[in-house]
1. Read through the list (1) surrounded by fewer than 22 Cβ atoms within 10 Å (Cβ to Cβ); (2) in contact (Cβ under 8 Å) with a residue 24 or more places away in the chain, then give the number of the only condition that residue 333 fails.
2. Being surrounded by fewer than 18 Cβ atoms within 10 Å (Cβ to Cβ) and among the charged types (D, E, K, R) is the filter; apply it to segment 372-399 and report the residue that is nearest to residue 308 (Cα to Cα).
3. Looking at 172, 134, which one is closer than 30 Å to residue 365 by Cβ, of a type in the set (D, E, K, R) and in a helix (DSSP H, G or I)?
4. Mind checking which residues of segment 331-366 are in contact with a Pro (Cβ under 9 Å, 6 or more places away or on another chain) and not in a helix (DSSP H, G or I)?
5. Are any residues in segment 270-283 outside any helix (DSSP H, G or I) and in contact with a Gly (Cβ under 8 Å, 6 or more places away or on another chain), and if so, which ones?
6. Being hydrophobic (A, V, I, L, M, F, W, C), assigned by TED's automatic domain parsing to the domain that holds residue 305, modelled with pLDDT of 95 or more and out of contact with any strand residue (DSSP E or B) (no Cβ under 8 Å at 6 or more places or on another chain) is true for just one of 135, 166, 193, 175. Which residue is that?
7. Can you tell me which residue is nearest to residue 299 (Cα to Cα) among those in segment 371-419 that are assigned to a loop (DSSP other than H, G, I, E, B) and in contact with a Phe, Trp or Tyr (Cβ under 9 Å, 6 or more places away or on another chain)?
8. Just to be sure before I move on: is residue 287 of a type outside the set (Asp, Glu) and at pLDDT below 95 in the structure I sent?
Amino acid sequence: MTLGAANTIALGGLRFTAQGTRVVAENLANADMAGYGLRKTLATGTISGAAGNPSRSGILRDVDPVLLGAARSADTVRQGAQTQVEALVALEQAFGIPGDPGALNTLVTQLDASLHQAATSPDSTAALQNVAQDAARLSAKFNAVGTQIQNLRNQADSSIATDISALNENLDRVATLNKDIQRQTLLGGDPFALMDERERRISEIASLLPVTEIPRDNNRIMLVSGRGEVLVDLEAAEFSFTPTPGIGPSDTRAAGLLSGIALNGRDLSAGDRTFSEGRLGANLDLRDNLAPQAQAGLDDLAMDLLTRFAGPQADSTLASGELGLFTRKDATMLPTDPTGSAQKVRLNPLIDPNTPATLWRLRSGLNAPAPGPSLDPANFARMIDALAGPSALGPDRPELQFFEHVAEHVSEIATRRLGAETGLAYAQSSYSAKQETLAGRGVDTDAQMQDLLRLERAYAANARVLSTIDDMMRQVLEI
């Protein structure tokens, strides 16, 4: 080998080690950055420059697209499961844990106990006041639970609007990055930083709805929805949604009172595969299914409570169908539609827990013209029987006592919450496992430091070759 050839190879080796050092430094600096793709230096030949031409070296962005897609899919499922669990926990807390102070079950039990106490001591003002106070607390609890359910629906609707805005922004940004990456690739530039940013944006999109990334020419990608529609290529699709402030119990999407989500101006049906997983789909389900089902169950309970205490079977002074101890803010007779009853139920205004002069009506009857015998427990016995008697909340449903209906409804929510938590645990485990595997393909700082040491030794070896060539040339010139 001539001195000139050796000099060329050594200089190439220095350039290669300098490039490798920059790559290692970049990897170490971005080790904790989400979406960062590990850079690797590729070259024909060896780092020392013993053979080949290191000057033709290149840099590879090392990302496993299959593993990345699996991690995104796992995150999509996890986000949806997390949203569902949070909603069910909030619903369960709204009803209260059976036995806890202020829980719906507890308040029903307290009313039953106070009615029995009043039946034993019908002349006791304190006993009568306990009945009135417990009845007022129970009606207030129905109001509060109904309000919390609608608050959940309003929060879900607001979250959908926020997420749709973020989704459109990210889709537009991915489309722009696609064009920039393609341009950089065609011009021979370095598109890796742009690709990192694109990867982060796609991961944000995947938290909202399931997407599939398909590679295209010149480092472009195409994003496809769960039902196979193109969301991004060189142009981005657009989602639209109109938030509905102040959602009420009777507001439904079927009635046209709530907005659905449209894609490029086309309305997507309820249950569309585009939102089969992810936070968007979970919030849609909460607003349109989960919360309305909880509201309907609560309204059935409120209607059952109104019915039990209505008419002469609960108060001998009431007309048939006339509301008694519990009434509605908008009616004095039993309504035909239970929708919204939970928010409207209240203690009959003829009775005021803070005004002892009104409490005799509990004993003598709400429509009694004057107080009756102070030791007559008959009206309390009727109310006790009304609360404990069997009734059905609908066709083909079992006849149960009121507290059994309440317990059954609360139990259904708790069971569903436990099932959702099991699903979340599995989704979290799947996501964590894939993220751990994905992280293993990322920047390993120990391995990067070892590469840096090898590059340092290669640099020293090539520098020594150049120094030796320089000494040999000096000796030749001195001859």
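1. It fails just one condition, (2).
2. So, considering only residues that are surrounded by fewer than 18 Cβ atoms within 10 Å (Cβ to Cβ) and among the charged types (D, E, K, R), the one nearest to residue 308 (Cα to Cα) is 385.
3. On the way: 172 fails: closer than 30 Å to residue 365 by Cβ.
Selected residue: 134, the only one of 172, 134 that is closer than 30 Å to residue 365 by Cβ, of a type in the set (D, E, K, R) and in a helix (DSSP H, G or I).
4. Scanning segment 331-366 gives 339, 340, 347, 359.
5. Start the filter on segment 270-283 by keeping residues that are outside any helix (DSSP H, G or I), which leaves 270-272, 276-277.
270, 276, 277, listed by residue number.
6. Going through 135, 166, 193, 175 in turn, the sole match is 166.
7. Let us first name the residues in segment 371-419 that are assigned to a loop (DSSP other than H, G, I, E, B), namely 371-377, 389-390, 392-399, 401.
Now narrow it down to the ones that are in contact with a Phe, Trp or Tyr (Cβ under 9 Å, 6 or more places away or on another chain): 371-372, 374, 389.
Working: 371: 34, 372: 35, 374: 35, 389: 19 Å.
Among residues in segment 371-419 that are assigned to a loop (DSSP other than H, G, I, E, B) and in contact with a Phe, Trp or Tyr (Cβ under 9 Å, 6 or more places away or on another chain), the one nearest to residue 299 (Cα to Cα) is 389.
8. Working: of a type outside the set (Asp, Glu): yes; at pLDDT below 95: no.
No: the conditions fail for residue 287.
The values are calculated or read from the model by the stated rules, or taken from the named source; none is laboratory data. The structure displayed is predicted, hence computed values, not measured ones. Virtual Cβ from ideal backbone geometry, glycine too; neighbours counted across all protein chains shown.
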